[in-house]
1. Filter the range A:81-95 down to the residues that are in contact with a Ser or Thr (Cβ under 7 Å, 6 or more places away or on another chain) and surrounded by fewer than 20 Cβ atoms within 10 Å (Cβ to Cβ) and list them by number.
2. Only one of (1) hydrophobic (A, V, I, L, M, F, W, C); (2) in the same structural domain as A:GLU164 (by TED's automatic domain parsing); (3) crowded, with 17+ Cβ neighbours inside 10 Å fails for A:ILE73. Which number is that?
3. Quick one: count up the residues across the range A:170-195 that are within 7 Å of another protein chain (Cβ to nearest Cβ), in a loop (DSSP other than H, G, I, E, B) and not acidic (Asp, Glu).
4. Could you look through the range A:68-115, keep only residues that are in a helix (DSSP H, G or I), over 30 Å from A:ALA217 (Cβ atoms) and polar (S, T, N, Q), and pick out the one that is nearest to the chain's Cα centre (by Cα)?
5. In the range B:146-179, how many are closer than 21 Å to A:ASN189 by Cα and modelled with pLDDT under 95?
6. When you check B:VAL218 against the structure, is it surrounded by 14 or more Cβ atoms within 10 Å (Cβ to Cβ), at negative phi, out of contact with any Lys or Arg (no Cβ under 6 Å at 6 or more places or on another chain) and within 8 Å of chain A (Cβ to nearest Cβ), yes or no?
7. For the range A:153-169, give me the residue count where each residue is in contact (Cβ under 8 Å) with a residue 60 or more places away in the chain and assigned to a loop (DSSP other than H, G, I, E, B).
8. In this structure, does A:ASP160 turn out to be under 16 Å from the mean Cα position of the chain (by Cα) and either in the same structural domain as A:ALA212 (by TED's automatic domain parsing) or within 25 Å of B:TYR195 (Cα to Cα) (or both)?
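The values are calculated or read from the model by the stated rules, or taken from the named source; none is laboratory data. Note that this is a predicted model, so its numbers are computed, not measured. Because the Cβ atoms are built from the backbone with ideal geometry, glycine has one as well, and the counts that use them run over all protein chains shown.
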There are 2 protein chains.
Amino acid sequence: MPHGHASAGQSAPPSGGKTALPATAGSTPRRGRPGYDLESLLAVAVTVFNERGYDGTSMEDLSRRLRISKSSIYYHVDSKEDLLALALDRALDGLFSVADQVTASAESAIERLEHLVRGSVYVLVDRLPYVTLLLRARGNTGTERRALARRRQFDQIVADLVKEAERDGDIRPDVDPAVTARLLFGLVNSLVEWYRPGNRATSRDEAAGRLADAVCAVAFDGLRIRRVADSTEPRSSASR
Amino acid sequence: MPHGHASAGQSAPPSGGKTALPATAGSTPRRGRPGYDLESLLAVAVTVFNERGYDGTSMEDLSRRLRISKSSIYYHVDSKEDLLALALDRALDGLFSVADQVTASAESAIERLEHLVRGSVYVLVDRLPYVTLLLRARGNTGTERRALARRRQFDQIVADLVKEAERDGDIRPDVDPAVTARLLFGLVNSLVEWYRPGNRATSRDEAAGRLADAVCAVAFDGLRIRRVADSTEPRSSASR
């Protein structure tokens, strides 16, 4: 789905369905309704929120974009903030699903950290508009503040893994662990600024895999090629 | 200056003065005016733009925050968009000043690239609210579109340096140069999301130096510690 160009009637669900909405949301079009279930309604709402900002979007705007009446929207949700909550949870549930897998793993901290980075890139590619909305949330509503609190929990998981990997001697100790954690996910999150899904020729999973490889290559192993001679030099700044 | 908390009356200029505004802007308070020159007016305007969004900020909002009349603002600029243009140029002029130095240098491409990254971190720390505004510009006005065009020129300089460094054999060839360039400046730009100037105990230059070290350490040399044994292994994925 090209970012910012979803039009009414497009209904491909943006997520792989891992966090499908409850069946009660109604996935079959009702008689007399133009075929929106909550899933496709949410996809359009998130696109409009990203274009105009959540605060700058009214239910009237959504109604116009969806070409359905406001009461048809209220059939699915009680308020604009409900749509925001569903959208932000879509991003956060994806990220925490990866964090839960990683936390339960028996791998070393640096391996878990790398898996968390890779998994987060997949979530970002799979749920791009939702993650974009999350990263732009500034805490203007109760819903945004709750989302930011969950985001801080996630960041804490990252920071703890970095510290553990540093204690294991697997991560360079010359950068403060808190700064390292922020740079690492700053790198991941910066993808929302330029990554756009391409044409159908490559699947979303392939694209996510290539992006995850690139992010991990840069973050964990660095851009610079180490020459063989470097390893025989004294260890102080051999490669600079 | 704590981000988002500049209040009327605070007038420390946010830049080191390298791109000082023309003297005609009037740097001495006028009789009967509450002491705003264009520089301090701009600093407050940028803070409000970052808080509320440029589109969501009216001249009325600026007048209230500055506690001066709208006509006092119009004494300095013709329109809100003039303030936006001055602010975006403040960020872009800083970045291009670094790019010009780097382009004129005789160093190798990877050294020039590292200097461009370091210099950009300094500009970001020195002019944080201006760079933040630039990175959030979405092209809603002619002024924003002109700024985005200049930003693309800057990104092209980065991409060209990455390609050159890859041709020199100094940068890993397994990541697409365009992706590398985007990740590199994604990392730099992500600083605006979390870096906040601390107390006066450390100077801004020291903070910028430490941040630049951290960014270059991660981007160029990677987080992972290479063990000595690795260098004796075959070169394919020795460190994984």
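1. A:GLU81, A:ALA85, A:ASP93, listed by residue number.
2. Evaluating A:ILE73 over (1) hydrophobic (A, V, I, L, M, F, W, C); (2) in the same structural domain as A:GLU164 (by TED's automatic domain parsing); (3) crowded, with 17+ Cβ neighbours inside 10 Å leaves (2) as the failure.
3. Count: 3.
4. A:SER72
5. Of the residues in the range B:146-179, 5 are closer than 21 Å to A:ASN189 by Cα and modelled with pLDDT under 95.
6. Yes.
7. Qualifying residue count, the range A:153-169: 1.
8. No; evaluated as a whole, the condition is false for this residue.
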